[in-house]
1. Return the residues of the range 87-116 that are aliphatic (A, V, I, L, M), in contact with a helix residue (DSSP H, G or I) (Cβ under 8 Å, 6 or more places away or on another chain) and closer than 20 Å to LYS59 by Cα; say none if nothing qualifies.
2. Among all residue pairs at least 6 apart or on different chains, which show Cβ distances below 7 Å where the first residue, located in the range 38-49, is without any contact (Cβ under 8 Å) to a residue 60 or more places away in the chain and the second is loosely packed, with under 15 Cβ neighbours inside 10 Å and in a strand (DSSP E or B)?
3. Out of the range 21-46, which residues are touching a strand residue (DSSP E or B) at 6+ places or on another chain (Cβ under 9 Å), in a loop (DSSP other than H, G, I, E, B) and loosely packed, with under 12 Cβ neighbours inside 10 Å?
4. Being in contact with a helix residue (DSSP H, G or I) (Cβ under 7 Å, 6 or more places away or on another chain) and either of a type in the set (Gly, Ala, Ser) or within 21 Å of LEU116 (Cα to Cα) (or both) is true for just one of ASP46, ASP35. Which residue is that?
5. Please determine whether any residue of the range 35-55 is at pLDDT below 95, farther than 18 Å from LEU106 by Cβ and aromatic (Phe, Trp, Tyr).
6. Determine whether LEU101 is part of a strand (DSSP E or B), within 17 Å of PHE4 (Cβ to Cβ), of a type outside the set (Lys, Arg) and in contact (Cβ under 8 Å) with a residue 60 or more places away in the chain.
7. Looking only at the range 1-20, which residues are assigned to a helix (DSSP H, G or I) and aromatic (Phe, Trp, Tyr)?
8. Could you list, in sequence order, the residues of the range 47-82 that are under 22 Å from LEU11 (Cβ atoms), outside any strand (DSSP E or B) and of a type in the set (Val, Ile, Thr)?
Amino acid sequence: MSHFDKVKDYLSELEYSIIHEDKENEVFVVESLDDGISNLMIGVADPIIIIEQYLFDLKTNVGDVSHKLLMKNRDIVAGAFVMDDDGTKVLFRDTLQVETLDLEELEGSLTSLSLLLSEYTDEIISYSKN
């Protein structure tokens with residue numbers, strides 16, 4: 001079984017909706033609205049998988065918001081806040097080893113994102129409006 005198919009099976013077992021898949025480029029876009037997750041990108045880039053969730057555009061108070069996000073990273077179970085290459089978008093990102101990936105590891109990463117979104121919602125909304 002390919003790594004792509006293994007990840008697809010795990011996503012299905014975790015009851016995530018696959019809203020787009022590109023087998024050639026080994027990319028999924030998934031959602032779980034019950035968990036607050038929408039348009040989550042998962043890319044298989046052997047030897048890792050990359051999980052990225054766009055959160056908001058960074059408009060003003062860049063230094064202040066960046067500082068607060070870095071401090072919050074310490075509380076995140078798996079993954080972290082990151083910025084895109086331009087420093088204008090804030091994302092949640094996690095990477096996992098694809099060779100040894102199991103269902104529980106993928107579930108842990110996705111649960112970490114879901115918990116982050118549920119407990120940090122007000123701050124994320126506030127940052128997105130600045």
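1. Correct list: VAL90 only.
2. Listed pairs, sorted by first residue: ASN39/TYR54; PRO47/GLN97; ILE48/GLN97.
3. Listed by number, the list holds a single entry, ASN25.
4. ASP35
5. No, the conditions are met nowhere in the range 35-55.
6. Judged against the criteria, LEU101 is not a match.
7. Residues satisfying the conditions are PHE4, TYR10.
8. ILE76, VAL77
The values are calculated or read from the model by the stated rules, or taken from the named source; none is laboratory data. All values derive from a computational prediction rather than experimental measurement. Please note: Cβ atoms are built from the backbone with ideal geometry, for glycine as well, and neighbour counts cover all protein chains shown.
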